[in-house]
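Novice: Structure incoming, see below.
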Amino acid sequence: MKRYFTYIPALVAALLAASCNTLDVTNPYYLTDEEVTKLLEGDDANAEAMILTGVGNTLNTYFNIAGQSWSGYSDVDRNSQVDQDFLMCLRGNDAYIGNIVTATSHHATAYKIDDGATYKTDRRSWPYFAISGMQLTAANKVLRFMTADAAATSDEIAAFRGQALTLRAYSYMQLMEKFHPAYLQGGKDGRGMPIYTDYALNKPVPISSAAATYKFILDDLEEAVRLLDDMGYTAEPNDIDLGVAQFLLARAALEAGEWETAKTAAQDIVDHFPTLISEANYGAKAADFAGYCAETKDLKVEDNAFQTLGNNPEVIMGFVNGSNANTYTNSFCNVFAPGYAGYSEEAPCIDKRLYDLIADDDFRKDIFTTASGNYDYITDDAGTMIYTRTIPEYANLKWAATIAKGRDSRTNHFECDNIIFRASEAYLMLAEAYAQDGKDSQAKDVLDLLLRARTKAGQPTLSCAGYPSMSGMTALQMVQIQTRIELWLEGGREFYNNKRWGIVVDRSTSPNHYWKDNGLTLAQMVLEIPVNEKQTNTHWAD
């Protein structure tokens, strides 16, 4: 009996249809496995192109998932990759929500770190598991046909295989970051994840060890790097290209303690991205804040490197507005937008403890307000409904823009691009790999490259040796401080980095956190495996 290309792994069946026995995935061309394989191995270039496009052409979209409603829950938060990462940022030390007394969203709940937001309930943890399962399904769907043997016959098949391996590794990396203790913080000898490599109706498999899971992730990424070498670093920002594979390889290698692998991967990115974001495009400036509030100044999305790809030379992966991009980042982070951060008065703000660590000659200090101000928000298409809200002190201007992408004046719109990975993080990963490996001098040399690029115009060039708040610190501590500053509120990085560095969530000494008494131990930073997954794969009880 022929099998049709309409199956899904048990892991994803558990994720997306726990109450069902199967979940069909329709092949757009209704071809059997044997027919697809024959076409890929044959001489018909048109047929091969059709299969390649139909099976693998949307892999990149799984790096920016949105619009889901997992397990019947329609809440906006937790249903997109961008929002999940944002919520993790709010559960750390370095960010808080301004005007928290009036905030009512799930963002406020996550920031409070109440019982529900510790993600020990199935409703909280399920979407985090489901997104990775969706990514895994898409990757294995392609890998079913883009085998290692097939990749040897065609550059295009090789590229699709490399992209699918990158996505599969990303799915498992996120599962490990969320659902297990950090590998180097007590998780090395523990359990990892059930590893599925087939796009088929699989029986639940045993849970692999953490070591085996990370080996699987690294093996996938190392093969992806080899396969994507010919593709290289493309000009198209949303490609899963060599840069994306190297970025994730560096990140996974740091998590697994493979310092040489991390150095090699991160160095390749640094070599390809010698130019970093300019001072002019690095967010809006606190000196202009009063002008923005008084409507004597404006800033377009196109002029903020964190809102647009056009003025951001660091983009490793990103999506142009209208091309699988969404406006969540603008709504959540832009204090001038008629969304969560602005009109709804949930401005993300920086903990003063971190703010005070930023050198005065570091222009990254200028992207936070130093006073509160009232701002008028347009909330209708006609531009007649205007509401005034107060933007608090220490609110971020990193993603600030008063005029949406493609607009000429202030409106109720907030279109923007989405940036997923950027090169500054590769500099920081390279510096960390050196520091973790005991190569302090090399670590500081790399950090100096970043600090030189973050020095205010006309001021003495910043360096590790002269950065006031880093006096007396080890090289690793310097990397940690600069990572927190550079990647503030990006991708949940502070939360996941602190988890693998062994740094707990402790806000008790903060002068401006509202929920000061709520923190997290390292054990509490591990999300609960969802009940649905445990019921479907009984190996979790072993």
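Nothing in this text is a laboratory measurement; each read-out follows from the coordinates by a stated rule. Being a predicted model, the structure only gives us computed values, none of them experimental. Cβ placement follows ideal geometry from the backbone for every residue including glycine, while neighbour counts extend to all protein chains displayed.
Novice: Averaging sequence separations of C-alpha pairs under 8 Å and six or more residues apart, then dividing by the length of the chain, give the relative contact order as a whole percent. Write down the numbers at each step before the final one.
Specialist: Details: 1051 pairs, mean separation 99.0, N = 542.
After rounding, I find 18 percent.
Novice: Let me ask something additional. In terms of modelled amide H atoms, which long-range or inter-chain residues lie less than 5 Å from the amide H of residue 368?
Specialist: Counting only residues 5 or more places away or on other chains, the set is 286, 397.
Novice: Here is a follow-up. What 222 nm value per residue comes from the helices of the chain, counting each DSSP H run with n ≥ 4 as -39,500 (n - 2.57) and dividing by all residues, nearest 500 deg cm²/dmol?
Specialist: -12000 deg cm²/dmol
Novice: Can you give the local net charge around residue 60? Use residues other than it whose beta-carbon is closer than 10 angstrom to its beta-carbon, Lys and Arg +1, Asp and Glu -1.
Specialist: -3
Novice: Let me ask something else. Once amide H atoms are placed 1.01 Å from N in the peptide plane, what residues at a sequence separation of 5 or more from residue 317, or on another chain, have their amide H within under 5 Å of its amide H?
Specialist: Hits under the 5 Å cutoff: 420, 421.
Novice: With respect to the cross-link table entries 439/499; 203/499; 263/398, which display a Cα-Cα separation exceeding 27 Å?
Specialist: From the list (439/499; 203/499; 263/398), the Cα-Cα distance tops 27 Å for 203/499; 263/398.
Novice: With viscosity set to 1.002 mPa s and temperature to 20 °C, compute the Stokes-Einstein D of the range 423-514, Rh being the Kirkwood radius across alpha carbon pairs; µm²/s, no decimals.
Specialist: It comes out at roughly 153 µm²/s.
Novice: Take the range 242-288, drop everything but the C-alpha atoms, weight them equally and run the Debye formula without solvent; then report log10 I(q)/I(0) at 0.14, 0.24 Å⁻¹ to two decimals.
Specialist: Rounded to two decimals, the profile gives -0.47, -0.78.
Novice: Can you check what the Kirkwood hydrodynamic radius comes to for the range 153-247, Cα pairs only, in Å to one decimal?
Specialist: Computed over Cα pairs of the range 153-247, the Kirkwood hydrodynamic radius comes out at 14.3 Å.
Novice: To continue, here is another question. Report the charge-dipole magnitude of the range 423-514 in Debye, nearest 20, computed about the Cα centre from +1 at each Lys and Arg Cβ and -1 at each Asp and Glu Cβ.
Specialist: I would put it at about 160 debye.
Novice: I would also like to ask the following. Return P(r) of the range 92-214 (all Cα-Cα pairs; 5 Å bins starting at 0; whole %; ordered from short to long distances).
Specialist: Per 5 Å bin, starting at zero, the Cα-Cα P(r) for the range 92-214 comes out as 2, 10, 14, 16, 16, 14, 11, 8, 5, 3, 1, 0, 0 percent.
Novice: Taking the structure as given and computing Kirkwood radius over Cα pairs in Å, which label from (i) 23.1; (ii) 24.1; (iii) 27.2 fits?
Specialist: (ii)
Novice: Moving on to the next point. Report the semi-axes of the equivalent ellipsoid for the range 268-367 in whole Å, largest first, where each axis is √(5λ) for an eigenvalue λ of the Cα gyration tensor.
Specialist: Working through the eigenvalues yields semi-axes of 23, 20, 14 Å.
Novice: While we're looking at this one, here's another question. So how do 464, 416, 333 line up by other beta-carbon neighbours within 10 Å, fewest first?
Specialist: 464, 333, 416
Novice: Under a straight-distance cross-link criterion of Cα-Cα below 20 Å, which aspartates and glutamates are reachable from residue 188, leaving out those fewer than 8 residues away in the same chain?
Specialist: Straight-distance partners of residue 188: 177, 219, 220, 255, 258, 260, 432, 437, 528, 542.
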